[in-house]
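Student: Below is one structure. I have some questions about it.
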Amino acid sequence: MNCPYCGYYDSKVIDSRDVNDGIRRRRQCLRCESRFTTYERLQPASLFVMKKDGRREEFDRDKLLTGIRKACEKRPLASGAVEKLVDDIEMELYQAGSNEIASAAIGDKVMARLKTLDHIAYIRFASVYREFTDITTLKQEVDSLASHPVVHSADQLPLIPPEELAAPIKTPRRVRR
Ligand SMILES: [Zn+2]
């Protein structure tokens, strides 16, 4: 693992601990001394995804993560919420015990979770995944959300922190030159 800051090839481990099914290592670059974190996890038996067009490819966690991250961009989600969502889905897929799954089934799992996490992210994901071709289908999907309130959990942060809502509005002080 090269240093993400300077690209140097060597680092030393300064801390290491077990996290769900893996090892988290805190490293320090031997050249620029920046610190970064790596995760090591066991690669479970291969899982294949059946695409709509009949192609078969190996399940790619990063690809799934990228797609969901894109849908959640700039949404007020707690850090790690997207990773947790992908972790949950990945675990579910491997626990199902089958070595093959339809891409549509994965998409449905993502949609079901986004529906309770963040409606905007849900619509963004759905518009790519369901390939909305007109505004009517999009509207139907949005209408269906009205009956699915978002569960406000630790995974979602309020848009404005409560302490800011409560604080009196301050007029910025003029800077004397
Ligand atoms: Zn470095």
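Here, each number is a calculation from the coordinates, and none is a lab measurement. Everything quoted here is computed from the prediction, not taken from an experiment. Heads up, the Cβs are rebuilt from the backbone with ideal geometry, glycines too, and the neighbour counts pull from every protein chain shown.
Student: Rg to Rh ratio, the stretch 7-97, alpha-carbon atoms and Kirkwood radius?
Tutor: Taking Rg over the Kirkwood Rh, I get 1.05.
Student: With a Cα-only, solvent-free Debye model of the stretch 94-138, what are the log10 I(q)/I(0) values at q = 0.14, 0.22 Å⁻¹?
Tutor: After summing over all Cα pairs, the log10 values are -0.40, -0.78.
Student: Next question, about the same structure. Taking every pair of alpha-carbon atoms in the stretch 62-104, give the share separated by more than 14 Å as a whole percent.
Tutor: In whole percent, the share of Cα-Cα pairs in the stretch 62-104 beyond 14 Å is 54.
Student: List the lysines whose alpha-carbon lies under 24 Å from that of K109, not counting same-chain residues fewer than 8 positions away?
Tutor: K51, K52, K63, K70, K74, K84, K139
Student: Round to the nearest 0.05 the FRET efficiency obtained for E131 and Y94 when R0 = 22 Å and r is the Cβ-Cβ distance.
Tutor: Step by step, r from the Cβ atoms, then E = 0.20.
Student: Could you give me D for the stretch 1-156, from Stokes-Einstein at 25 °C and 0.890 mPa s, where the hydrodynamic radius is the Kirkwood radius over C-alpha pairs? Units µm² s⁻¹, please.
Tutor: 137 µm²/s
Student: What FRET efficiency comes out for A105 versus C32 if R0 is 35 angstrom and r is the Cβ-Cβ distance? Round to the nearest 0.05.
Tutor: The pair A105/C32 has a calculated efficiency of 0.20.
Student: Test of the criteria: in the stretch 48-85, which GluC sites (Glu not before Pro) are in a DSSP loop and have at most 14 other Cβ atoms within 10 angstrom of their Cβ?
Tutor: E73
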